[in-house]
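The values are calculated or read from the model by the stated rules, or taken from the named source; none is laboratory data. Only a predicted model underlies this, so the values are computations on that prediction, with no experimental measurement involved. A quick note on method: Cβ atoms are made from the backbone with ideal geometry, for glycine too, and the neighbour counts reach across all protein chains shown.
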Amino acid sequence: MLLQFDPFRDFNRLANEMLAATRAPQAMPMDVYRLGDHYVIEFDLPGVDPDSLDLTTENNTLTVRAERTTAHGGGEKTEPSYLAAERPRGTFSRQLMLGEGVDLNGIAADYKDGVLTVTIPVAEHAKPRRIQVGHGGERKVIEGSTETSST
């Protein structure tokens, strides 16, 4: 058996452990894309209790909150002694500013396989539309009258 020696491994581990105590939970990673007449936002939230999900809109701001708690198997009453704890726990929150061209009343959300999918329809007034161009007509000149006063 060959063991590799890394003189910085223990220093790196210690620094990571110290920083983890002060580090805030990472933001929810997301993808945003447009699919036809809808915007789709997908948040990666594995291990989140679906009952903890909370989505609100206010003044064109979408707020997403979720909570991941410590889960232990077996229902033991004592806290586990972790050998590694890399998955962030706690309450996560993210706010997105939505443009004027979305229908806030039509927002829908679904949570499946650790992914929260939020679908936001494009508002009718913001959808692209074709404008007819007239042709074949004569150019019309609008003439105005000027009044001159004689004194």
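Go over the candidates Arg94, Arg87 one by one and state the one that is of a type in the set (Lys, Arg) and part of a strand (DSSP E or B). Working first, answer last.
On the way: Arg87 fails: part of a strand (DSSP E or B).
From the options Arg94, Arg87, the qualifying one is Arg94.
Restrict the check to the stretch 36-57 and report whether at least one residue is loosely packed, with under 10 Cβ neighbours inside 10 Å, closer than 24 Å to His125 by Cα and either at pLDDT 95 or above or over 17 Å from the mean Cα position of the chain (by Cα) (or both).
The answer is yes, given that some residue of the stretch 36-57 is loosely packed, with under 10 Cβ neighbours inside 10 Å, closer than 24 Å to His125 by Cα and either at pLDDT 95 or above or over 17 Å from the mean Cα position of the chain (by Cα) (or both).
List every residue pair whose Cβ atoms lie under 8 Å apart, where the two residues are 6 or more positions apart in sequence or sit on different chains, the first residue falls within the stretch 21-44 and is of a type in the set (Asp, Glu), and the second residue, located anywhere, is modelled with pLDDT under 90 and surrounded by 10 or more Cβ atoms within 10 Å (Cβ to Cβ).
From the stretch 21-44, the pairs are Asp37/Lys127; Asp44/Met28.
Any residue in the stretch 15-26 that is surrounded by 12 or more Cβ atoms within 10 Å (Cβ to Cβ) and modelled with pLDDT of 90 or more? Let's see the steps before the verdict.
Our first condition is that a residue be surrounded by 12 or more Cβ atoms within 10 Å (Cβ to Cβ); within the stretch 15-26, this holds for 25.
Checking the rest, the ones that are also modelled with pLDDT of 90 or more come to none.
Within the stretch 15-26, none of the residues are surrounded by 12 or more Cβ atoms within 10 Å (Cβ to Cβ) and modelled with pLDDT of 90 or more.
I need a count of the residues in the stretch 97-133 that are more than 16 Å from Asp31 (Cα to Cα), at pLDDT 90 or above and among the charged types (D, E, K, R).
So the answer is 1.
Which condition number in (1) among the basic types (Lys, Arg); (2) closer than 20 Å to Leu45 by Cα; (3) at pLDDT below 85 is the one that Arg68 fails?
Against the list (1) among the basic types (Lys, Arg); (2) closer than 20 Å to Leu45 by Cα; (3) at pLDDT below 85, Arg68 comes up short only on (3).
Determine which member of the set Gly136, Gly74 is at pLDDT below 80 and in a loop (DSSP other than H, G, I, E, B).
Step by step, each of Gly136, Gly74 is checked, and only Gly136 is at pLDDT below 80 and in a loop (DSSP other than H, G, I, E, B).
Please work out which one of (1) modelled with pLDDT under 85; (2) touching a strand residue (DSSP E or B) at 6+ places or on another chain (Cβ under 9 Å); (3) among the aromatic types (Phe, Trp, Tyr) is the condition Tyr82 fails and give its number.
Just one mismatch for Tyr82, condition (2).
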